[in-house]
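Here's the structure we're looking at; comments come further down.
The values are calculated or read from the model by the stated rules, or taken from the named source; none is laboratory data. The structure displayed is predicted, hence computed values, not measured ones. Neighbour counts run over all protein chains shown; Cβ positions are idealised from the backbone, glycine included. We work out accessible area using only protein heavy atoms, side chains counted, and drop any ligands, DNA or RNA first. Shrake-Rupley method; radii C 1.70, N 1.55, O 1.52, S 1.80 Å.
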Amino acid sequence: MAPQSSQSQPPPPSPEDKTGAIDAPLHAVGFVIEEVTPQKVCGYLRVTERSCQPFKVLHGGVSALVSEALASIGAHLASGLQRVAGIHLSINHMKRAELGDLIYGEALPISVGKTIQVWEVRLSKIDPLNSDIKSLVSSARVTLLCNMSVPQHAKDAGEALKKYAKL
């Protein structure tokens, strides 16, 4: 029998821990990041009380927050971890998502230039009986200014992304 090492590897971080490390506001509303690459950022949100308006449906502001956050994460990676800033967000809400619904969010780049990037973000409700069936809840277009210098006080801003992204 081989001797056991006294040094064990720490368990891998949970998806919730990953989300909290990458984007605190996303984590606060309950979004869970699944995949992070310069070509795609996606994950899930269970609609709960903290993400609902008083009528027990997903708050449009939460949809906007998720959309801008996913696009910003992707743009940050696509720009080589340079600072990015959202300069325009346009979002259309097509269908309501109710308390308990599971939402899939996906951000994909439309245009990745040296100074401007445009990302599309789609939030879709997953059918509880067939996870392959999704119905569009909202569609957003996010325009970001990129390749800005990172201020000295925020030099470690990209460390969590480097840790969890597939580059």
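Tabulated data for the structure shown
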| item | result |
| --- | --- |
| Selection from the range 28-51 of residues that are open to solvent by less than 20 Å² (accessible area, probe 1.4 Å), assigned to a strand (DSSP E or B) and closer than 12 Å to ALA97 by Cα | LEU45 |
| The range 52-69, residues that are loosely packed, with under 13 Cβ neighbours inside 10 Å and without any contact (Cβ under 8 Å) to a residue 24 or more places away in the chain | GLN53, PRO54, PHE55, GLY61 |
| Check on ILE73, at pLDDT 95 or above, part of a strand (DSSP E or B) and either of a type outside the set (S, T, N, Q) or under 14 Å from the mean Cα position of the chain (by Cα) (or both) | no |
| Subset of the range 104-156 (residues that are assigned to a strand (DSSP E or B), among the acidic types (Asp, Glu) and over 21 Å from HIS93 (Cβ atoms)) | ASP132 |
| Candidates LEU136, LEU167, LEU144 - the one that is under 20 Å from ALA75 (Cα atoms) and surrounded by 13 or more Cβ atoms within 10 Å (Cβ to Cβ) | LEU144 |
| Hits in the range 148-164 - residues which are surrounded by 10 or more Cβ atoms within 10 Å (Cβ to Cβ) and among the hydroxyl-bearing types (Ser, Thr, Tyr) | TYR164 |
| Candidates SER6, SER90 - the one that is at pLDDT below 95, out of contact with any Gly (no Cβ under 8 Å at 6 or more places or on another chain) and polar (S, T, N, Q) | SER6 |
